[in-house]
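Structure record follows, encoded as C-alpha cells.
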Amino acid sequence: MALVIQAATFLHQYANSTLHPTPSKNPNALRLGVISSAQINPAAAIHPAETHPDVILYAIASRDASTAKKAAKQYKFTKAYGSYQELLDDPQVDIVYISTPNGLHYEWSSKALKAGKHVLCEKPFTSNAAEAKKLVQEASDRGLILEEAFHWQFHPAAHSFRQILESGQYGKILRTDAVMTACPGVPDGDIRWQFDLAGGSAMDMTYALSFTRYALHAKNPKQVLSAVARPYKHDSRVDEAMHALLVFEGQQGQDVQSRVYTDMARSWVGSVVPRVWELPSIEVETEKAIIYFYNAMMPHLYHYIEITDKATGKTRYHKQYKGGPLWGNIETSGGKGGKSFWSTYRWQLEAFVDAVKGKAPAYWVTPEDSIAQMETIDALYKAANLPVRPSNVLEKTG
C-alpha cells in the first residue's frame, strides 16, 4: 500500500544515510536547490544528495521562511529562502528539485528554466498535456536538462523486468494489469484532493499507468475502452478512484488490453483491516507466462519478479538490487554497477547528474514519454466525463 511503503522509504533512507559514510564532495559538485518543504524531500532528494559526491545540499525554499530555516538547519543546507523565487534568483544554484503540489509543477519548473537551472520535477510532470508540451519546449529552447521524477524506472529491478518481457522467451504480451492504492486512504484536507492543484487518483497514483506504458514501451493508447471514476465525496470533479481499460499496441504490432486501477481511498477488509499488503504492482500475461512485478514503485525496499510458466505451472523468482541490464557495466559514483542499498531516488539522481554533466545516463525518462503520459491521463479524464486538470498559469498568460 502506497502510504506504508513511502513511510518505509523514509526509514530506509535515514538508516542508510546513518550506516554508510557520506562521501567527500568533488570540487565541481552541483549545488542543489530544493523548492518546497514537502514531506517527500528527505527520501526523494536530500538523502540521495548526501551520498552523491557530485551534489551539494546548497539551498532550500519554502513559502514560510521559518520552515525553510528549520529544514536547512536539520539537513545542513547552506542557504534557506522564504520564497521559491529567491532561491531561483541565486546564481549559485545549479540544479533544482521541485516537489510542490501537482498544480504548481509547470509554473515553478518553467521559472526555474528561465533562471537557467536544470530541473528534476516530481511526477505527475504537469497538470495536463498542454503544460507538458510547453515545458518541454522551454527546456529545449534553453538547452537545459528537464526530467520527470519517475524514480522507479531508474532502479535495476525495473530494467530486469523489462528485459524478461523483451527476451522473446515468453512470447508476445497479451494483457497487463497495474494497480496502485492507498489503504488507509489519503486523509481529507490533503492537497491531493484539490482540483485546482491537479488532484485526483489518476494524477497522484500515475505510477500504475507508468508501469503499464513502461512494460509495453508504449506512448499513447490506441483506444480507451472504458474509464470509470469514483468521485470524491467533497468534489465530484476529483477522482477518488479510477478504473480504466485501454488498448495499446505491443512491440510486435499486437493489441494489448491494459487495466489500470488507482484508488486514494481503498476500502478496508470487512471495514476493519487496512490492505497494507497491496503494494503498487503490475501483472503481465504473455503467450507463455504470467509475469508479476511486486512492489514496482519502491523495489529497493523489497520486490520480486514472479514468472509462472503456463505450460508447466512452475514459478521462478528474480530480484535485482544493483547492476543489471543497464547499470551492470556502468562505473557509477558508488562503483561499478552501483550499490545494492541505493533507493530508486538515488539511482534517479545518479542518472540526472550524469545528464547535467554531459554524460549519457544509463536510463532516461524522455520528454516525449512525459508528454505521452500526460496526454493519456487527459484522455482518461475525458473518457470518465471528468474535466482535465486546469492550466491556471497558461490560462492567465494566454
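The values are calculated or read from the model by the stated rules, or taken from the named source; none is laboratory data. These numbers come from a predicted model, not from an experiment. A quick note on method: Cβ atoms are made from the backbone with ideal geometry, for glycine too, and the neighbour counts reach across all protein chains shown. For the accessible areas, the whole protein counts, side chains as well, though only heavy atoms, and no ligand, DNA or RNA atoms are used. Shrake-Rupley method; radii C 1.70, N 1.55, O 1.52, S 1.80 Å.
Details
- Any hit, the stretch 127-134, residues being out of contact with any Leu (no Cβ under 7 Å at 6 or more places or on another chain), open to solvent by less than 20 Å² (accessible area, probe 1.4 Å) and among the hydrophobic types (A, V, I, L, M, F, W, C): yes
- The criterion of at least 2 residues that are buried (at least 19 other Cβ atoms within 10 Å of the Cβ) is met, among helices (runs of 4 or more DSSP H) falling completely within the stretch 291-398, by 324-327, 344-356, 367-383.
- Scan of the stretch 131-153 for residues that are closer than 29 Å to Y321 by Cβ and part of a helix (DSSP H, G or I), ordered by number: H151, W152, Q153
- Considering only residues in the stretch 180-193 that are in contact (Cβ under 8 Å) with a residue 12 or more places away in the chain and open to solvent by 40 Å² or more (accessible area, probe 1.4 Å), the one that is nearest to A296 (Cα to Cα) turns out to be P184.
- Residues of the stretch 230-274 classified as over 22 Å from the mean Cα position of the chain (by Cα) and either crowded, with 24+ Cβ neighbours inside 10 Å or not in a strand (DSSP E or B) (or both), total: 14
- Selection within the stretch 81-116 - touching a Cys at 6+ places or on another chain (Cβ under 9 Å), open to solvent by less than 10 Å² (accessible area, probe 1.4 Å) and of a type in the set (A, V, I, L, M, F, W, C): V96, I98, A112
- Condition met for I282 (touching a residue at least 40 places away in the same chain (Cβ under 8 Å) and either among the hydrophobic types (A, V, I, L, M, F, W, C) or over 27 Å from V55 (Cβ atoms) (or both)): yes
- Which listed residue, of K382, K357, is of a type in the set (D, E, K, R) and farther than 25 Å from R230 by Cα: K357
- Sole residue being at pLDDT below 95 and of a type outside the set (A, V, I, L, M, F, W, C), chosen from S281, S271, S258: S271
- Test: residue in the stretch 42-56 that is in contact with a helix residue (DSSP H, G or I) (Cβ under 7 Å, 6 or more places away or on another chain), open to solvent by 30 Å² or more (accessible area, probe 1.4 Å) and over 22 Å from L146 (Cβ atoms): yes
- Residue check for L120: part of a strand (DSSP E or B), surrounded by fewer than 23 Cβ atoms within 10 Å (Cβ to Cβ) and of a type in the set (A, V, I, L, M): no
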